[in-house]
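Below is one structure; the comments refer to it alone.
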Amino acid sequence: MLNRYGRWLVRLAAVAWLFAAAAVHAADTQNAEKDTYDQDSVLKDAEAFFGSSTEGLAKVIEKAFKEHGRPNGYIKGEEASGAITVGLRYGDGVLTLKGGGSQKVYWQGPSIGFDLGANASKVFVLVYHLASPAEIFQRFPAVDGSFYYIGGVGINYQQRGNVILAPIRLGVGLRAGASIGYLHYTKKKTYVPF
């Protein structure tokens, strides 16, 4: 008789543990959703920022969400770049985190590779795993294999530690090639690209 009650208590404890685990998972999911952006709101913000709806934009955002999930921030900005084997890129924008906080940021950096051309772009950067705005002020290595058409959309990824940046560029100009380099995010504007 004691064995029957013991088995019954073990089963009851297991069911209670399952309910508790489900509640914790639901709370974690709800907190993650509260502190991150969903795909529809990112697409709407990006379309409003770029000023028009483009087929390529929706596909690029969908790709970023499939590969990295929901971002917890974004940067809206502008940049200009040019290259003849050695390239330079300069930009600025405003970082906004879903959990609160915004910060003006500047970026600049060199690149080297098989790269030729120039372009000016509006940039919408998806930001992943950034705990505070101050964490962005560092160098992010980047590999960029892009072909910019007039009015084309492009994306690449930059990662430093756990922080991932996914710049989406909608630009004017012609730039073709592949390059490696980095972007240095700073609090103040500078023309020194290093």
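The values are calculated or read from the model by the stated rules, or taken from the named source; none is laboratory data. Everything quoted here is computed from the prediction, not taken from an experiment. All Cβ positions, even for glycine, are placed from backbone atoms using ideal geometry, and neighbour counts span all protein chains on display.
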Margin query: For VAL163, only one of the following conditions fails: (1) without any contact (Cβ under 8 Å) to a residue 40 or more places away in the chain; (2) buried (at least 22 other Cβ atoms within 10 Å of the Cβ). What is its number?
Written below: (2)
Check: Of LEU116, LEU97, which residue is of a type outside the set (S, T, N, Q) and touching a Phe, Trp or Tyr at 6+ places or on another chain (Cβ under 9 Å)?
Finding: LEU97
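Quick grid of which residues meet (1) modelled with pLDDT of 90 or more; (2) not in a loop (DSSP other than H, G, I, E, B); (3) not hydrophobic (A, V, I, L, M, F, W, C):
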site	(1), (2), (3)
PHE147	no, yes, no
GLN159	yes, yes, yes
HIS184	yes, yes, yes
TYR191	no, no, yes
